[in-house]
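What follows is a single structure, written as structure tokens, with notes after it.
What follows is calculated from the coordinates using simple rules that are stated; it is not laboratory data. Remember, predicted model here, so these are calculated numbers, not experimental data. Here Cβ is always computed from backbone atoms with ideal geometry, including for glycine, and neighbour counts include all displayed protein chains.
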Amino acid sequence: METIKNNLEIINKKIKKSALKVNRNPEEIKLVAVTKTATIEQIKEAINAGVKIIGENKVQEAKEKYQILTADTEWHLVGHLQTNKVKYAIEIFDCIQTVDSIKLAKEIDKRSLQFGKTTNVLVEVNVSGEESKYGIKPEEVEPFLKEISEFYRIRVRGLMTIAPIEEDKEKVRPYFRKLRELSKEIKSKNIKNVKMDYLSMGMTDDFEVAIEEGANMVRIGRGIFGFH
């Protein structure tokens with residue numbers, strides 16, 4: 001039963017090492033534990049071992065777990081969100097990391113108003129241009145942000161991306177770098193209601209490179225829970 005605790009220790013050591021390598025403070029990097037096929041017991045074990053943010057891919061799965069897990073944790077949606085599931089997502093998640101259309105942003109804004117809350121979101125950017133991936137094109141990010149900045153019940157907190165799967169981790173570095181540069185550029189524009197607090201990039205296989213390139217939020221599932 002100690003496996004998850006041990007895995008977390010290994011991950012945290014790697015986060016620290018990667019941050020220090022580029023003179024960054026490891027404390028500023030948030031770990032999102034992605035629990036997609038993890039059991040309630042495994043998630044409880046992870047929370048007991050220090051996990052503060054739970055990442056879920058599907059609203060339905062999150063709903064079932066959320067009702068049982070009462071620990072003081074943040075919940076982030078890290079999978080694609082369909083507009084018909086927004087009303088459930090708003091009830092559960094503190095942050096939706098995968099906003100990639102005006103239609104979705106509108107629905108989040110509308111449902112947030114109904115629930116009397118403001119929802120933190122990240123904009124998903126398809127930096128690699130892969131057709132199989134969700135996210136908006138890098139050149140569309142600024143006009144997109146200007147449009148959704150008009151919504152009162154959404155608070156943009158940063159950007160998110162999923163890099164291509166590569167054996168050689170150096171090959172994903174340019175994608176992470178591109179998102180960091182984009183974030184910097186957006187920040188300099190001072191768009192109202194838009195903050196670039198978070199760069200959510202890097203998963204089990206490539207989070208170290210992502211941290212070296214500026215990620216301050218990494219999403220790790222398999223490295224903690226061992227699923228495939």
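Summary table below
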quantity	calculated
Cα lying deepest toward the dipole's positive end in the chain, options Ile54, Asn190, Trp75, charges on Cβ	Asn190
For Trp75, net neighbour charge (Lys/Arg +1, Asp/Glu -1) across residues whose Cβ lies under 15 Å away	+4
In the stretch 1-103, the GluC sites (Glu not before Pro) that fall in loop regions by DSSP, at most 10 other Cβ within 10 Å	Glu2
For the chain: Kirkwood Rh in Å [reciprocal of mean 1/r, alpha carbons]	17.8
Per-residue [θ]222 nm for the chain (sum of -39500 (n - 2.57) over DSSP H runs n ≥ 4, rounded to 500)	-12500 deg cm²/dmol
Of the chymotrypsin sites (Phe, Trp or Tyr not before Pro) in the stretch 124-208, those whose Cβ has at most 13 other Cβ within 10 Å and which sit in DSSP loop	Tyr152
Residue order, fewest to most beta carbons within 10 Å, for Ile68, Ile224	Ile68, Ile224
Lys/Arg +1, Asp/Glu -1 at C-beta; the chain dipole; positive extreme among Thr39, Gly221, Ile108	Ile108
Long-range HN-HN contacts of Arg155 with modeled amide H, under 5 Å	Thr119, Asn120, Val121
